[in-house]
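The values are calculated or read from the model by the stated rules, or taken from the named source; none is laboratory data. Note that the coordinates shown come from a computational prediction; the quantities given were computed from them, not determined experimentally. We place every Cβ from the backbone using ideal geometry, glycine too, and count neighbours over all the protein chains shown. Calculation scope for accessible area: heavy atoms of the full protein, side chains included, ligands and nucleic acids excluded. Shrake-Rupley method; radii C 1.70, N 1.55, O 1.52, S 1.80 Å.
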Amino acid sequence: MDPTGHKYFGTVDYVIFALLLIASMTIGLYHAFTGGRQRTTQELLFADRKMKCLPLSLSLMATFQSAVAIIGTPAEVYTNGTQYWFIGCSYILGLLIPAHIFIPVFYRLHLSSAYQYLELRFSKAVRICGTVTFIFQMVIYMGVGIYTPALALNAVTGFHLWGAVLATGSVCTLYTALGGLKAVVWTDVFQTVVMFTGQLAIIIVGVQQAGGLSDVWVKVRDGGRISGIDLDPDPTVRHTFWTLGVGGVFLMLSLYGVNQAQVQRYLSSRTEREAVMSCYMVFPCLQVALTLSCLMGLVMYACYGDESKPYVRSTDQMVLYFVMDMLQDFPGLPGLFVACLFSASLSTISSAFNSLTAVTMMDLIKPHYSMSESRATLLSKILALSYGIICLAVAYVVHLMNSSVLQAALSIFGMVGGPLLGLFCLGIFFPCANSIGALIGLAAGLVMAFWIGIGGFLARMSIPVEVSLLNFTTTGPDVSDNITAVTATIDSAHNESSGPLGLHGLYSLSYMWYSAVNSCTVVLIGLIFSFVTGPTKANDITSGIVYPVVGNAQSLLQHLLKPSVCCSSPPELRQMDGHKEANGNVKEESATAQERETFLPSHPTSCVEHETSV
């Protein structure tokens, strides 16, 4: 090992890493020159709406299983124990609600962008505000998502920083622009297999190095890394069952309910049933990913304990140090893990490119400019290439920032998901909400998000604790959606018996509650201003864009109060504002024309009907 602590790759490691990039590019080129050859925007952006549930479910999982999560979750478990594993409890409601509420609404309206819903429900101004907010969120996401793993890799292995950034950025840009959503989904499938294989191989070899399963268990148990359920209701405690299991639900909804990257995959399904099934199948995939990451953290602790390494500046770098240190006698394994790491990066960045291209085309360009199908497809490919260049530019800006600003940028990204979730919930669940309330509510939610996030960041900076460059913790399937720079010393300050008071108490709020607080702010303020300015009348609401909460709740109560009737007679079909449901599951209509007639307004001025045909 050289004086800088770097452990360099061997030839086999470089070959494995190169094969990952070549395979991803090959998949993209295959879909660019086969089938319809991406000649239409429907094929380029929505895979002709013919995708099956299995590849979609793996792609849904991979989209927000970023490279930062691959190194961040094991680092969290290594440092603080297995309490973080309880975030898996939030996956239940976090996926059931999108499957039975958001997907039926979006799919039956035949949308091309999630933000088309906002225009149908409120106004064009709300749609544009939602789109711009999303673009701001994803642009930050791209730059940080591609730069952070490259920086960690460079710090530990000496792997060329900008070589890694340019390689992953260029490959992502090319196969996304050429192969469209089909290429993105199928490369996600390949990259998911690489992710799971890499993590599993590291765990198996790490267990052997630590002396076997029994020795690993004894070491992590004696080291206090096996956590019980912490039922502390204090919202300022960073990780408890309530912050992870309840606050995590709002995080999951912002990811899998209303995020364009995921909604676009739902809309590319062949049928609504397959879209719902793909959401169901995400649950075991996420549980496997979470379990593997937690096991990696435990194996790391079993090998190192509380021993500090002079060359490791943060716990996140500890993951890569572990791979390079413990597995250096196994040629190819370090390269396999790096392939695993950058597979996660490729999947998230390519999904960001594709979703940004879709919203820019469908929400900002197409409604204002008429163009032929061939020109629209060409423009979509140019947009994908442009966002690739922007990604590299943002990564360079991040490189110029110091550690404090980098952590602030990550936190800013996490603050945006909650207000967008609140905006969609305001429209779907509250028929009385109007466009003025939606705009003011979104603004209030963003102000609250930045107030709490930046105020908390500045408050933590005033604590005399050295914060490492990459010392942050994952927040769910993807670290980037709700991230906060906190250290163990700061956590102990949060857990003082006196507890923080006043504004300091607000700034000390656990980052897992950010999405919940911000989304609830949007809903509350939006409803207040809707009533002040005149609530929306029932006759002014397009059929099928509001979920009948009261009607479904009454029907559910009737079934619960009369169990004998449910058992002795066939389930009765209920109407959902003209949409059919059976036993709480949306009943699929096979005829597209029938769905359009049921869910969309009968007059010819529907925004969706005009904008889905490019």
Here, Lys124 and Lys50, labelled 7 Å along Cα→Cβ, have an inter-label distance in nm of 3.5
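Label region 164-240 by shape, choosing from rounded, prolate and oblate, from the square roots a ≥ b ≥ c of the eigenvalues of the Cα gyration tensor; if a/c is under 1.5 it is rounded, and otherwise prolate applies when a/b is larger than b/c, oblate when it is not.
Values: a/c = 3.34, a/b = 1.69, b/c = 1.97.
Note, shape of region 164-240 comes out oblate.
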Rounded to a whole %, the carbon-and-sulfur portion of the accessible area of region 240-362 at a 1.4 Å probe is 64
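Would you work out if region 1-133 is rounded, prolate or oblate? Take a ≥ b ≥ c from the square roots of the eigenvalues of the alpha-carbon gyration tensor; rounded if a/c is under 1.5, else prolate when a/b is larger than b/c, oblate otherwise.
On the way: a/c = 2.33, a/b = 1.37, b/c = 1.70.
Oblate, since a/c reaches 1.5 and b/c is not below a/b.
Per residue, how large is the accessible surface of region 76-152? Use a 1.4 angstrom probe and give square angstrom.
On the way: 1560 Å² over 77 residues.
Ligands and nucleic acids excluded, the figure is 20 Å² per residue.
Rounded, prolate or oblate: which one fits region 123-254, using the alpha carbon gyration tensor with axes a ≥ b ≥ c (rounded when a/c is under 1.5, else prolate when a/b beats b/c, else oblate)? Can you show the working numbers first?
Working: a/c = 2.23, a/b = 1.25, b/c = 1.79.
Since a/c reaches 1.5 but b/c is at least a/b, the shape of region 123-254 is classed as oblate.
Grab the Cα-Cα distance for Gln328 and Ile365, subtract it from 0.36 nm times how many residues apart they are, and report the gain in nm with one decimal.
Numbers: separation 37, 0.36 × 37 = 13.32 nm, distance 5.16 nm.
Going from the current span to full extension adds 8.2 nm.
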Sorted list, accessible surface of protein heavy atoms, 1.4 Å probe, largest first, for His368, His160 is His160, His368
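Excluding Ser372 itself, what net charge comes from residues whose Cβ is under 14 Å from its Cβ, given Lys and Arg +1 and Asp and Glu -1?
Details: positive: Arg39, Lys366, Arg375; negative: Glu373.
Net charge around Ser372: +2.
Can you sort Leu253, Leu446 by solvent-accessible area, 1.4 Å probe, largest first?
Working: Leu253 15, Leu446 40 Å².
Correct descending sequence by accessible area is Leu446, Leu253.
Taking loop as defined by DSSP and a crowding limit of 15 other beta carbons within 10 Å, which trypsin sites (Lys or Arg not before Pro) in region 23-129 fit?
On the way: sites: Arg37, Arg39, Arg49, Lys50, Lys52, Arg108, Arg121, Lys124, Arg127; in loops: Arg37, Arg39, Lys50, Lys52.
When the trypsin sites (Lys or Arg not before Pro) of region 23-129 are filtered for loop state and at most 15 Cβ neighbours within 10 Å, Arg37, Arg39, Lys50, Lys52 remain.
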The computed P(r) of region 260-398 puts the percent of Cα pairs beyond 19 Å at 69
